[in-house]
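Asker: I have a structure here, written as structure tokens, and I will follow up with some questions on it.
The values are calculated or read from the model by the stated rules, or taken from the named source; none is laboratory data. Computed from a prediction, not measured in an experiment: that's the story for all the values here. Please note: Cβ atoms are built from the backbone with ideal geometry, for glycine as well, and neighbour counts cover all protein chains shown. We work out accessible area using only protein heavy atoms, side chains counted, and drop any ligands, DNA or RNA first. Shrake-Rupley method; radii C 1.70, N 1.55, O 1.52, S 1.80 Å.
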Amino acid sequence: MSDCIFCKIVAKEIPATIVYEDDDVLVFMDIGPIVKGHALVISKKHYDPVTETPDQIVSKLHLTAKRIANAQMNGLEADGVNIMQNNGSASGQEVPHIHVHVIPRYSDDGHHWNWNAKKYADFNEMAKLACNMRDHL
Ligand code: AMP
Ligand code: ZN
């Protein structure tokens, strides 16, 4: 993907601060950290979204995210870690090349997710959505 910014980072055509790389994945620092130390785990090969990404790559991305979380806890003294992966503009995704955010969290980091929990009208509304998902597993 010649116009993909993350493919350009993989090709070393644009700079990034690399934390780790192997044959499948590249990990670099997010240029706009939600909390300082925020890293991105990307596939070296261009895939998007997660539903179009081979299982072994999805697995590798998340196993690598676990290693990075461990490095943030032990190397950056993080108190916790958020791991997240966006798919589609409706989800807030800006770069359409599969990536996993690994964000170190500190009890005093001042960041709050706008986690505005909703309520179902009743049990049946929730059960119907579960049923619709079950039909497509
Ligand atoms: P998303 O909204 O899930 O697509 O996240 C894209 C992330 O990529 C954002 O957190 C950006 O700050 C980050 N980003 C975009 N361009 C660069 C870049 N050149 N180097 C490092 N991080 C980047
Ligand atoms: Zn790409």
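Asker: Rounded to the nearest 20 Debye, what is the dipole magnitude of the stretch 5-108 about its Cα centre when Lys and Arg each give +1 and Asp and Glu each give -1 at the C-beta?
Answerer: Values: 9 positive and 13 negative charges, 16 e Å.
Result for the stretch 5-108 is approximately 80 debye, rounded to the nearest 20.
Asker: Show me, for the stretch 96-110, the HN-Hα J-couplings you get by feeding each phi into the Karplus relation (A = 6.51, B = -1.76, C = 1.60, θ = phi - 60°), rounded to Hz, glycine and proline as x.
Answerer: Each residue of the stretch 96-110 in turn: x, 9, 3, 8, 10, 7, 10, 10, x, 10, 10, 4, 10, 6, x Hz.
Asker: Rounded, prolate or oblate: pick one for the stretch 32-94, where a ≥ b ≥ c are the square roots of the eigenvalues of its C-alpha gyration tensor, a/c under 1.5 means rounded, and failing that, prolate if a/b is larger than b/c, else oblate.
Answerer: Details: a/c = 2.58, a/b = 1.50, b/c = 1.72.
Oblate.
Asker: Between Lys119, Lys44, Lys36, where does the largest GNM mean-square fluctuation fall for the chain, given springs only between Cα atoms within less than 10 Å?
Answerer: With Cα springs under 10 Å in the chain, the top fluctuation among Lys119, Lys44, Lys36 is at Lys119.
Asker: Counting only protein heavy atoms and using a 1.4 Å probe, what share of the accessible area of the chain belongs to carbon plus sulfur, as a whole percent? Each step should come with its number before you reach the end.
Answerer: Values: 5080 of 9290 Å².
About 55 percent, which is the carbon plus sulfur part of the accessible surface.
Asker: Then there is this: Using modelled amide H (1.01 Å from N, peptide plane; none on Pro or chain starts), what sits under 5 Å from the amide H of Phe28, excluding residues fewer than 5 places away?
Answerer: Val19, Leu40, Ile42
Asker: Now a separate question. Loop by DSSP (not H, G, I, E, B), at most 11 other beta-carbon atoms within 10 Å: where is the longest site-free stretch of the chain for GluC sites (Glu not before Pro)?
Answerer: Working: sites that count: Glu13, Glu77, Glu94.
Longest gap between qualifying sites, sites excluded: 14-76.
Asker: Also: Below 8 Å, C-alpha to C-alpha, sequence gap of six or more: please give me the relative contact order for the chain in percent. It would help to have the intermediate numbers written out before the result.
Answerer: Details: 183 pairs, mean separation 31.5, N = 137.
The normalised contact order for the chain reaches 23 percent.
Asker: Taking the chain as the reference, fit the longest principal axis to its C-alpha atoms, fit the long axis of helix 55-75 to the helix C-alpha atoms, and give the angle between the two in degrees, 0 to 90, nearest 10.
Answerer: So the inclination is approximately 70 degrees.
Asker: For the pair Asp109 and Asp22, how long in nm is the line joining their label points, each one 7 Å along Cα→Cβ?
Answerer: With each label placed 7 Å out from Cα toward Cβ, I get 2.5 nm.
Asker: Report, in degrees rounded to the nearest 10, the 0 to 90 angle that the Cα long axis of helix 123-134 makes with the longest principal axis of the chain.
Answerer: The angle comes out near 50 degrees.
Asker: Using the Karplus equation 6.51 cos²θ - 1.76 cosθ + 1.60 (θ = phi - 60°), what ³J(HN,Hα) coupling, rounded to whole Hz, does each residue of the stretch 4-9 give in order, writing x for Gly and Pro?
Answerer: The phi angles translate into 8, 5, 6, 5, 5, 5 Hz.
Asker: Assuming R0 = 35 Å, can you tell me the calculated FRET efficiency for the pair Gln56 and Leu76, based on Cβ-Cβ distance, to the nearest 0.05?
Answerer: Numbers: r = 29 Å, r/R0 = 0.82.
E(calc), rounded to 0.05, equals 0.75.
Asker: Still on this model: Can you tell me the FRET efficiency between Asp122 and Gln93 if r is taken as the Cβ-Cβ distance and R0 is 30 Å, rounded to the nearest 0.05?
Answerer: Working: r = 32 Å, r/R0 = 1.07.
FRET efficiency, Asp122 to Gln93: 0.40.
Asker: I would also like to ask the following. Measuring with a 1.4 Å probe in the full set of protein chains, what accessible area per residue, in whole Å², belongs to the chain?
Answerer: That works out to 68 Å² per residue.
Asker: Sticking with this one: Size of the chain along its principal axes in angstrom, Cα-based, largest extent first?
Answerer: Largest first, the chain extends 51, 39, 24 Å along its Cα principal axes.
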